[in-house]
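Working notes, structure below.
Read-outs: derived from the displayed coordinates by stated rules, not from any lab. On a predicted model such as this, the values are computed, not experimentally measured, just so you know. Note that we place each Cβ from the backbone using ideal geometry, even for glycine, and neighbour counts take in every protein chain shown.
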C-alpha cells in the first residue's frame, strides 16, 4: 500500500470525528417525559379516564385526532361514541383542552422530547392560555 | 411474441374496427350498457338534486329595508369576534367574512339610472353558499366542499393556498391569509380585543370565508349574525316548504346576486 502512514492517520481522524457525537452524548439520554395530568378539571373527575383507555390514547391519539377532525369537519358528525357507549362532543379546543388545560405540561412535553411539531397549534390554541 | 405479417394485419384491422366503432360493438354485445355508464358518470356534478331533493338546505335572508349602519356594525363585529377574524385595516391583507357594500357594486347588472331607491342602502355581503359552487369545482385538493345540507365548507387542514377558489368565486367572498393572522390578533388583543376561546384561528397561507356558523349549527344554535340582528337576518331550511325562510320568501320580493352565472346562491336580499 502506498502512503500507509498518511492513510491510517486519515482514517483515525475520520473515526474520531464520526464517533465524537456518540461518545460525547453517551449516558446522558434525556429522561422520558411524564406528561402532567395535574389540572383542576382532571382532579375533579371521579374516574380519571380519557375518551378511551390510557394505553390507546398514548399510542393512537394522532390517528384518533385525525379521525375526529375528518368526522367533525368533513362528515359533519360532532358526536363520538366511545367503546363504553359514552357520547363525546368532538372538538380539540372545547373537549380535549377542557381537561388537558395545561398544554405546555401535557402536549408540548412529549412532542418536544420526540422532536415532533404537530401543526394543530398553528390554528387551534389553548383556550386557557393567555397567549395565542 | 412471434407473429407473421398476415396475423399482424388481421389483428391491426380488427383493432381499428373496434376503435372506429367501439360503441357499436359494445352495443352488439350488451345493448344499453354504454348509455347507462355515461349517464351515471355525468350525474352528481354541480349539486342541486332536484328530484330526490335534500332534506335540509340552509339559506340566509337579509332584510335590506330593516338594515342600518349600527346594525351592520353590530353584525360584522359579532361575526368577526366569533370567528377570530383579524382586522388588518388594510385592504391588501383584509380578511372578510361579512362586510358591507353599495347597491351598484352588489348588483352591477341590475343597476338602474332612473331609479335611486336602493342607492345608499347598506348591503351585507358574505359567502353565498351556492348550490352550484364554482369554488368547489376548481379546488385541486377538495379543501372546499359542499355538504349535504348545502353549506360550502372550507377545510383549512387541507387548503394549500393556491387561491383557485378565490379566482372562481364571482362574489369575492374568499380571503387569503397573506400574513399570520395571529400577529394581528395579538396586536388587537393588546388593545383590548377579546378572543373567542371556542373557535380556532387560521394560519398563514390558507383561504377562508363565511362558514354559515357551521360550528354553531352543530350545537343547534342560530348563526351569529342572526343572533346579533334577528329582525334583519333570517336563517332557515329552504327545502322545507313550511320553514320561516320559505314563508318570508313567499311574501317578500327578494334579490340574489349574479343569478345569470348559474351558481344558485342561497343568500337572499329582501327589498
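Quick notes on this one:
- Of every Cα-Cα pair in the range A:31-96, the percent that sits beyond 16 Å: 54
- Stokes-Einstein diffusion coefficient of the range B:191-265, Kirkwood radius over Cα pairs, 20 °C, 1.002 mPa s, in µm²/s: 138
- In this simple spin-label model, placing a label point 7 Å from the Cα along the Cα-to-Cβ direction at both residue B:227 and residue B:271 gives a separation of 3.2 nm.
- Between residue B:81 and residue B:110, the distance separating the two model label sites (each 7 Å from Cα on the Cα→Cβ line) works out to 3.3 nm.
- Gap separating the Cα centres of the range B:190-223 and the range B:1-21, nearest whole Å: 64
- When Rg and the Kirkwood Rh are both derived from Cα coordinates, the Rg/Rh ratio for the protein assembly as shown amounts to 1.13.
- Rounded to the nearest 500, the helix-only mean residue ellipticity at 222 nm of the protein assembly as shown stands at -9500 deg cm²/dmol, with each DSSP H run of n ≥ 4 adding -39,500 (n - 2.57).
- Whole-Å distance, taken between Cα centres, linking the range B:91-134 and the range A:53-80: 40
- Relative to the dominant Cα principal axis of chain B, helix B:69-82 is inclined by about 60°.
- Compared with the dominant principal axis of the Cα atoms in chain A, helix A:4-24 is inclined by about 20°.
- Gained length - residue A:4 relative to residue A:17, 0.36 nm times residue gap less alpha-carbon distance: 2.7 nm
- When the convex hull of its Cα atoms is projected in every direction, mean area for the range B:58-270 (nm²): 12.2
- Helix B:33-42 axis versus longest C-alpha principal axis of chain B: approximately 20°, rounded to the nearest ten.
- Gaussian network model of chain A, Cα within-10 Å springs - most flexible of A:66, A:25, A:112: A:25
- Taking the fewest neighbouring Cβ atoms within 10 Å as the starting point, the ordered list for B:178, A:68 is B:178, A:68.
- Across the range A:1-118 the C-alpha pair distances fall into 5 Å bins from zero in the proportions 2, 9, 13, 17, 13, 10, 6, 4, 5, 5, 4, 4, 3, 3, 2, 0 percent.
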